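Take a look at the structure set out below.
The values are calculated or read from the model by the stated rules, or taken from the named source; none is laboratory data. Source: prediction; values computed, not measured. Cβ coordinates were reconstructed from backbone atoms using ideal geometry, including for glycine residues, and neighbour counts include every protein chain displayed. When the accessible area is computed, the model is the full protein with side chains, heavy atoms only, and any ligands, DNA or RNA have been set aside. Shrake-Rupley method; radii C 1.70, N 1.55, O 1.52, S 1.80 Å.
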Amino acid sequence: MPFLIQSPRLLLPPHRLPLPFSRSLGRSDAVFRRLFNGVSAASATLSSPPTTVETPFSEILSIRDSLLSHRRTASEIAGEYRDRLHKVEPQLHSFLHVSETAMQEAEAVDQMVAAGRELGPLAGVFVGVKDNICTVDMPSTGGSEILKDYRPAYDATVVTRLRDAGAIVVGKTNLDEFGMGGSTEGSGFQVTANPWDLSRVPGGSSGGSAAAVSARQCVVSLGSDTGGSVRQPASFCGVVGMKPTYGRVSRFGLMAYASSLDAIGCFGSSISDVAILLNVISGHDKFDSTSSKRDVPNFAEELVSLSNIEAKPLKGLRVGLIRETIGAGVDAGVVSAIHAAGSHLEHLGCVLNEVSLPSYSLGLPAYYILASSEASSNLSRYDGIRFGNQVGSEELSSLYGNSRANGFGDEVKMRILMGTYALSAGYYDAYYKRAQQVRTLIQKCFKDAMNENDILISPAAPTAAYKIGEKTDDPLAMYAGDIMTVNVNLAGLPALVVPCGFVEGGQVGLPVGLQMIASAFREDILLKVGHIFEQTRQGYRFVPPICGDKYS
């Protein structure tokens with residue numbers, strides 16, 4: 001019987017954030033003013049005071065403090081990350097490409113410090129970037145042989161914003177080919193391992209980005225989320241993962257899989273690191289017509305430190321546990337971890353209720369019809385002429401066919417065929433049109449649920465990380481693993497995954513992630529609630545065995 005256990009790994013030192021809270025929160029204003037500006041005198045202390053809990057460590061803020069106080073140089077910090085990256089990379093295979101200029105970029109940061117120049121919010125921070133996000137100075141392959149050694153002529157908007165903020169893009173992380181997969185076994189180049197158990201998958205398709213943060217090969221990383229590709233690997237690898245609202249972050253420079261579903265998301269080892277990273281990459285972009293012009297809150301400044309948290313800090317918050325996500329097909333250990341997380345939220349003052357989303361089970365088939373249909377169109381550009389490696393032939397049709405047959409993997413070919421079939425004459429109404437109708441129904445169900453709740457919670461995946469090779473011969477079982485996440489993409493909502501416990505497995509247990517869902521453009525609520533949950537979480541230490549007994 002799976003059970004909750006405590007990881008005996010390294011306990012990171014606290015880094016507190018005594019920062020102001022003042023932003024308007026719309027319908028939940030009254031609740032959140034009470035949450036973050038103090039509560040009534042009738043609530044004196046938590047029944048289990050969090051004084052014995054070490055708060056999650058903000059690596060970004062620690063690096064910044066070290067640079068500004070001159071305690072350490074960017075070169076010293078970068079050298080430690082570089083050494084750790086190379087030390088564990090032969091076991092993990094998180095990266096497809098590693099920057100050759102990272103140390104020179106760190107030296108440039110040191111020169112800025114010495115000159116007294118203002119530093120960006122990510123100065124000296126090692127950031128991993130999923131290899132379906134374009135970088136001008138490194139190959140961008142999308143994990144596919146068809147783009148092997150391809151170098152874009154430009155940076156994606158998110159990469160430009162990273163560099164403008166002082167970040168050091170340390171390398172390009174492994175992924176399932178073009179983001180099509182749930183385990184990172186579908187990469188055209190290598191299989192990434194899970195830092196908690198090298199015999200298990202890190203999740204997918206952003207498994208390389210999640211594994212790299214979990215193993216502290218980089219500070220934070222970027223992934224893409226079309227149907228759960230940030231949130232599921234965050235759960236498997238025991239890190240924080242954020243999928244923002246559709247349109248919050250520019251998709252310019254992201255290799256399109258399903259354009260109406262794709263979102264660039266963030267990984268970090270703490271909520272505060274994810275909040276800082278999300279602030280940097282968010283905002284309107286003239287190169288992406290789907291990017292939102294809404295103002296971007298300062299997510300990091302609105303987080304509240306443990307020292308300022310009083311009794312029942314989430315009093316009045318309405319939380320809905322999605323009934324359809326804790327029933328048949330979900331491992332007992334995962335259900336136990338989610339129930340324990342729900343109880344902890346109640347202890348913090350939340351009003352927890354089960355809610356039903358009747359259309360939830362319809363999301364998976366609708367997602368795969370819509371995503372495959374859009375993929376069949378988006379991937380037509382990889383023909384050996386405009387993009388991709390070319391297999392020569394005397395006939396143009398043979399050149400197309402041979403280039404695509406040799407460049408694409410089996411999963412990509414299957415999804416292109418599925419999508420082309422769903423869009424074909426005679427089948428469009430039966431499949432694609434009906435899937436769009438289901439999407440509308442799912443959006444309505446979420447809207448109704450959000451009228452009664454401030455956030456919804458569920459597991460991020462029905463299981464913890466499974467063995468490498470366990471599901472490669474059963475694609476339907478692999479697809480079923482997305483049941484917890486695809487509905488959020490169909491509705492275009494933001495969702496956050498925060499580690500909440502462990503189940504039995506591996507050397508010290510396998511992490512489980514709690515998924516929190518909010519209304520569109522309410523990432524601020526998710527980050528605030530997640531930050532309080534993270535700081536008051538009792539006894540769990542989410543540093544994997546591969547990091548050793550010391551964080552170095």
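Please give the Cα centre distance for the stretch 487-552 versus the stretch 231-248, rounded to the nearest Å.
Each part reduced to its Cα centre gives a spacing of 9 Å.
Leaving ligands, DNA and RNA out of it, rank Arg117, Arg82 by accessible area with a 1.4 Å probe, largest first.
Final ranking, largest accessible area leading: Arg117, Arg82.
Relative contact order of the stretch 428-552: what whole-number percent is it, with Cα pairs under 8 angstrom and at least 6 residues apart?
Relative contact order comes out at 26 percent.
Can you flag which of Lys312/Lys467; Lys130/Lys467; Lys447/Lys467 are past 32 Å Cα-Cα?
Too far apart for the 32 Å limit: Lys312/Lys467; Lys447/Lys467.
Where does the Debye-calculated log10 I(q)/I(0) of the chain sit at q = 0.05, 0.06 Å⁻¹, using only Cα point scatterers of equal weight, no solvent?
Treating every Cα as an identical point scatterer, log10 I(q)/I(0) equals -0.18, -0.26.
Would you mind computing the Rg to Rh ratio of the stretch 188-256 from its alpha-carbon coordinates, Kirkwood style for Rh?
Looking at the stretch 188-256, the ratio lands at 0.97.
Where the eigenvalues come from the Cα gyration tensor of the stretch 499-552, what are the semi-axes √(5λ) of the equivalent ellipsoid, largest first, in whole Å?
27, 13, 10
Given contacts defined as C-alpha pairs under 8 Å and at least six residues apart, what's the relative contact order of the stretch 96-156, whole-number percent?
This gives 24 percent for the stretch 96-156.
Over the chain, average the accessible area per residue using a 1.4 Å probe and give it in Å², no decimals.
That works out to 37 Å² for each residue.
Going by average Cβ density within 10 Å per residue, which order do the peptides 129-137, 450-458, 264-272 take, highest to lowest?
Per-residue mean Cβ counts within 10 Å order the peptides as 264-272, 129-137, 450-458.
Given the stretch 98-241, what percent of its DSSP beta bridges are antiparallel, to the nearest 5?
Expressed as a percentage, antiparallel bridges in the stretch 98-241 total about 20.
What relative contact order, as a whole-number percentage, does the chain give when Cα pairs under 8 Å and 6 or more residues apart are counted?
For the chain, the relative contact order is 21 percent.
Order Met478, Met138, most accessible first, counting only protein heavy atoms with a 1.4 angstrom probe.
Descending order: Met478, Met138.
Given a 1.4 Å probe and every protein chain left where it sits, what share in percent of the accessible area of the chain is carbon and sulfur?
Reported share for carbon and sulfur atoms: 52 percent.
With unit charges on the beta carbon (Lys/Arg positive, Asp/Glu negative), name the residue among Ala156, Ser291, Gly481 whose Cα is farthest towards the positive pole of the charge dipole of the chain.
So the residue we want is Ser291.
If you take the charge dipole of the chain about its Cα centre, with +1 on Lys and Arg Cβ and -1 on Asp and Glu Cβ, which of Gly204, Tyr81, Leu119 is farthest toward its positive end?
Result: Leu119.
Scaled to the compact-protein estimate 2.2 N^0.38 Å, what is the alpha-carbon radius of gyration of the stretch 326-434, rounded to two decimal places?
The stretch 326-434 yields a ratio of 1.69.
Could you tell me the distance between the Cα centroids of the stretch 308-353 and the stretch 375-409, to the nearest Å?
Spelled out, the Cα-based centre of one part sits 49 Å from the other.
Please turn the phi angles of the stretch 158-168 into ³J(HN,Hα) values with the Karplus equation 6.51 cos²θ - 1.76 cosθ + 1.60 (θ = phi - 60°), one per residue in order, whole Hz, x for glycine and proline.
With coefficients 6.51, -1.76 and 1.60, one gets 5, 5, 4, 5, 4, 5, 4, 7, x, 5, 9 Hz.
Arrange the peptides 504-514, 427-437 so that the one whose residues have, on average, the most other Cβ atoms within 10 Å appears first.
Ranking, from highest mean packing down: 504-514, 427-437.
Relative to the Cα centre, what is the charge dipole magnitude of the chain, using +1 at the beta carbon of each Lys and Arg, -1 at the beta carbon of each Asp and Glu, and rounding to the nearest 20 debye?
That gives a dipole near 1140 debye.
Looking at the chain only, what percent of DSSP beta bridges run antiparallel? Nearest 5 please.
The answer is about 65 percent antiparallel.
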